[in-house]
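The structure appears right after this line, and notes come after that.
Bear in mind these aren't lab numbers, they're just calculated from the coordinates by the rules spelled out. Please read all numbers here as calculations on a predicted model, not as lab measurements. Here the Cβ is made from the backbone with ideal geometry for all residues, glycine too, and neighbour counts use every protein chain on show.
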Amino acid sequence: MKTVLTTTVFTLNPGEVTTLSVHAAQRLHVEEARGADVWLTREKDSEDYWLRCGGSLLLRSGDEVVLSVDPRALHPVRLALIAEARRPALALADVPHLVYRSLRRLVRGTEWTPNQDQVTAS
């Protein structure tokens with residue numbers, strides 16, 4: 001199975017402060033910072049985090065995060081939120097459809113089409 005990543009890229013200007021509400025686990029990655037640090041703090045966590053270019057931090061579902069860039073920075077900082085897109089779990093209601101699709105593929109492989117049999121009387 002292939003892993004599909006969903007990425008949201010955004011920039012923060014020097015001195016800009018923003019908040020994020022994280023609804024699903026994601027990784028915050030600093031793509032471009034040109035020597036500037038990104039300050040991050042999250043609710044219910046006494047730690048402050050400083051991220052440099054190439055650094056990342058795993059954000060948990062339900063996190064409330066505050067991000068800021070040093071106002072003395074000369075350039076904006078580009079950040080990416082990266083989330084893994086997961087397939088939904090298989091439900092019991094999906095089984096008949098999957099069986100039907102599998103049988104159709106088998107039938108197509110034998111080049112036999114249901115309800116189109118040629119019956120000849122002798």
**Request:** With θ set to phi - 60°, apply the Karplus curve 6.51 cos²θ - 1.76 cosθ + 1.60 along segment 69-81 and write out the HN-Hα couplings as whole Hz, x wherever there is a Gly or Pro.
**Result:** 10, 3, x, 7, 5, 8, 10, x, 10, 9, 10, 9, 9
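Taking the Cα centre of segment 4-85 as origin, work out the dipole magnitude from +1 charges on Lys and Arg Cβ and -1 charges on Asp and Glu Cβ, in debye rounded to 20.
On the way: 8 positive and 12 negative charges, 36 e Å.
Computed about the Cα centre, the dipole is about 180 debye.
So for segment 4-85, averaging the separation of alpha carbon pairs under 8 Å that are six or more residues apart and normalising by length, what relative contact order in percent results?
Values: 210 pairs, mean separation 42.4, N = 82.
Averaging sequence separation for qualifying contacts and normalising by length gives 52 percent for segment 4-85.
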**Fill in**
Long-range amide H partners of residue 37, meaning residues 5 or more apart or on another chain whose placed amide H is closer than 5 Å, are 70
**Per-residue HN-Hα couplings for segment 47-62 [Karplus 6.51, -1.76, 1.60; θ = phi - 60°; Hz; x = Gly/Pro]** = 7, 9, 10, 10, 10, 10, 4, x, x, 8, 9, 7, 9, 8, 4, x
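Taking N as the number of residues in segment 4-85, what is its alpha-carbon radius of gyration divided by 2.2 N^0.38 Å? Working shown, then result.
Numbers: Rg = 12.0 Å, N = 82, 2.2 N^0.38 = 11.7 Å.
Ratio of Rg to 2.2 N^0.38 Å for segment 4-85: 1.03.
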**Request:** Search the structure for amide H atoms under 5 Å from the amide H of residue 24, placed 1.01 Å from N in the peptide plane, and list their residues when 5 or more places away or on another chain.
**Result:** 62
**Asked** What list of ³J(HN,Hα) couplings, whole Hz, do you get for segment 35-42 from phi and the Karplus terms 6.51, -1.76, 1.60, once you set θ to phi - 60° and write x for glycine and proline?
**Response** x, 8, 9, 10, 9, 9, 9, 10
**Complete:** Between the modelled labels at residue 100 and residue 23 (7 Å from Cα along Cα→Cβ) the distance in nm is 3.1 nm
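Mind sorting 45, 70 by how few other Cβ atoms lie within 10 Å of their own Cβ, fewest first?
Values: 45 13, 70 16.
Fewest to most other Cβ atoms nearby, the residues stand as 45, 70.
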